[in-house]
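Inspection log for the structure reproduced underneath, given as structure tokens.
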Amino acid sequence: MPLVRSDLLSLVEAGLRTEFFRAYRQLSDSSIVPRIATIVRTNLPTQKYGWLGSVPAMREFIDERIPAGLRAYEYAISDQVWEASIAVERRALEDEQYDMIRMRVQDLALEATRHREQLVINALLQNGIAYDGKPLFSTSHSEGDSGTQSNILSGALATETLQEAIAQMMGIRDDRGRPMGIMPDTLLVGPALQWLAMELLESPVVVQINTTGNYTPYRNVLQGKLRLIVSPYIAGDHAEKWFLLDTSRAVRAVILQERRDVPVEFAALDRPTNESVFMRDLVFYGIRARYGVGYGLWQTALMGTG
């Protein structure tokens with residue numbers, strides 16, 4: 001039996017669906033989100049996170065265990081519904097302009113990935129309230145026996161400020177007054193600081209001028225110390241800010257919460273019986289997803305004010 005026009009539309013939709021998810025998987029694998037944020041998948045519209053104080057220190061097992069109480073915090077993240085849609089003239093399908101439509105569907109996959117990145121970066125820039133009731137970046141964090149602690153450093157990105165920031169993060173204590181073992185491994189900057197950051201982290205030598213006007217090369221102790229990530233969303237009024245992160249922890253400073261039971265959806269309205277096709281001669285393709293962003297451990301991130 002020969003194919004009819006409705007059969008061709010079904011085949012086109014199936015092909016575009018495959019094209020979308022192929023592009024989406026590739027873009028997601030190269031996204032910065034898994035490298036700087038914790039991704040949590042849940043079946044609940046609002047997920048509560050019970051932030052507990054640090055576990056007790058190891059001790060010799062002499063007679064019996066001594067359980068220690070934990071300080072409990074409650075923090076919740078709710079998801080939101082997001083969508084992006086494109087309209088295609090029906091005659092583009094009739095004229096078999098499939099490559100043009102395929103490229104627009106690939107752009108939908110790019111938008112789905114880009115939006116997640118922007119949400120994660122905006123969470124850092126907006127500096128919302130973390131689980132301890134203080135802004136994510138604050139000079140007055142305090143929990144239990146930790147004392148007052150800061151994860152903000154005033155100053156432009158430079159060798160001295162970066163070294164100071166590393167030492168500041170490594171000195172962060174838990175709610176029992178013990179060093180948390182924070183080890184910063186990532187420097188996050190915007191386009192305005194990317195070349196300076198590359199010099200700081202990748203150059204084998206630094207050159208300094210002494211009092212006699214002579215230039216002396218020194219070994220760059222920061223070379224290879226941190227991984228560099230550049231985000232285009234650190235711009236405008238925030239262009240000079242920089243972030244030092246510990247991404248080795250299971251729980252990082254930002255959490256991207258996704259619905260496990262509602263994956264990214266690709267849908268089409270391309271049947272002749274659909275109102276949009278009949279009345280406006282337009283075919284619609286769109287994506288839909290549910291996710292939200294919140295904060296994890298403030299201890300794993302430090303902001304340089306620039």
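Could we say that residue 167 is among the hydrophobic types (A, V, I, L, M, F, W, C), in a helix (DSSP H, G or I) and open to solvent by 60 Å² or more (accessible area, probe 1.4 Å) here? Considered against the rule, which asks whether it is among the hydrophobic types (A, V, I, L, M, F, W, C), in a helix (DSSP H, G or I) and open to solvent by 60 Å² or more (accessible area, probe 1.4 Å), residue 167 comes out as yes. Checking each residue in region 285-305 for being farther than 14 Å from residue 153 by Cα and assigned to a strand (DSSP E or B) picks out 285, 286, 287, 288, 289, 290, 291, 292, 293, 294, 295. Within region 173-195, being open to solvent by 60 Å² or more (accessible area, probe 1.4 Å), not basic (Lys, Arg) and not in a loop (DSSP other than H, G, I, E, B) holds for 179, 192, 195.
Scanning region 126-135 for residues being touching an Asp or Glu at 6+ places or on another chain (Cβ under 9 Å) and either closer than 17 Å to residue 35 by Cβ or not in a loop (DSSP other than H, G, I, E, B) (or both) gives a total of 0.
Yes or no: region 54-74 includes at least one residue that is at pLDDT below 90, in a loop (DSSP other than H, G, I, E, B) and within 30 Å of residue 23 (Cβ to Cβ). No. Counting the residues of region 132-151 that are open to solvent by 20 Å² or more (accessible area, probe 1.4 Å) and in contact with a helix residue (DSSP H, G or I) (Cβ under 9 Å, 6 or more places away or on another chain) gives 4. Taking residue 159, is it at pLDDT 95 or above, out of contact with any Phe, Trp or Tyr (no Cβ under 9 Å at 6 or more places or on another chain) and surrounded by fewer than 19 Cβ atoms within 10 Å (Cβ to Cβ)? For residue 159, the condition - at pLDDT 95 or above, out of contact with any Phe, Trp or Tyr (no Cβ under 9 Å at 6 or more places or on another chain) and surrounded by fewer than 19 Cβ atoms within 10 Å (Cβ to Cβ) - is not met.
Answer yes if at least one residue in region 80-95 is under 16 Å from the mean Cα position of the chain (by Cα), open to solvent by 20 Å² or more (accessible area, probe 1.4 Å) and modelled with pLDDT of 90 or more, and no otherwise. Scanning region 80-95, I find no residue that is under 16 Å from the mean Cα position of the chain (by Cα), open to solvent by 20 Å² or more (accessible area, probe 1.4 Å) and modelled with pLDDT of 90 or more, so the answer is no. Of all residues in region 228-251, which are out of contact with any Asp or Glu (no Cβ under 9 Å at 6 or more places or on another chain), in contact (Cβ under 8 Å) with a residue 24 or more places away in the chain and charged (D, E, K, R)? Within region 228-251, 240, 241, 249 meet the criteria.
Selection within region 21-53: residues that are part of a helix (DSSP H, G or I) and in contact with a helix residue (DSSP H, G or I) (Cβ under 6 Å, 6 or more places away or on another chain). The member of this set that is modelled with the highest pLDDT is 33. None of 277, 283 is touching a Ser or Thr at 6+ places or on another chain (Cβ under 9 Å) and modelled with pLDDT under 90 except 283.
The values are calculated or read from the model by the stated rules, or taken from the named source; none is laboratory data. Small disclaimer: the values here were computed from a predicted structure and weren't measured. Because the Cβ atoms are built from the backbone with ideal geometry, glycine has one as well, and the counts that use them run over all protein chains shown. Surface accessibility is based on the protein's heavy atoms, side chains included, excluding ligands, DNA and RNA. Shrake-Rupley method; radii C 1.70, N 1.55, O 1.52, S 1.80 Å.
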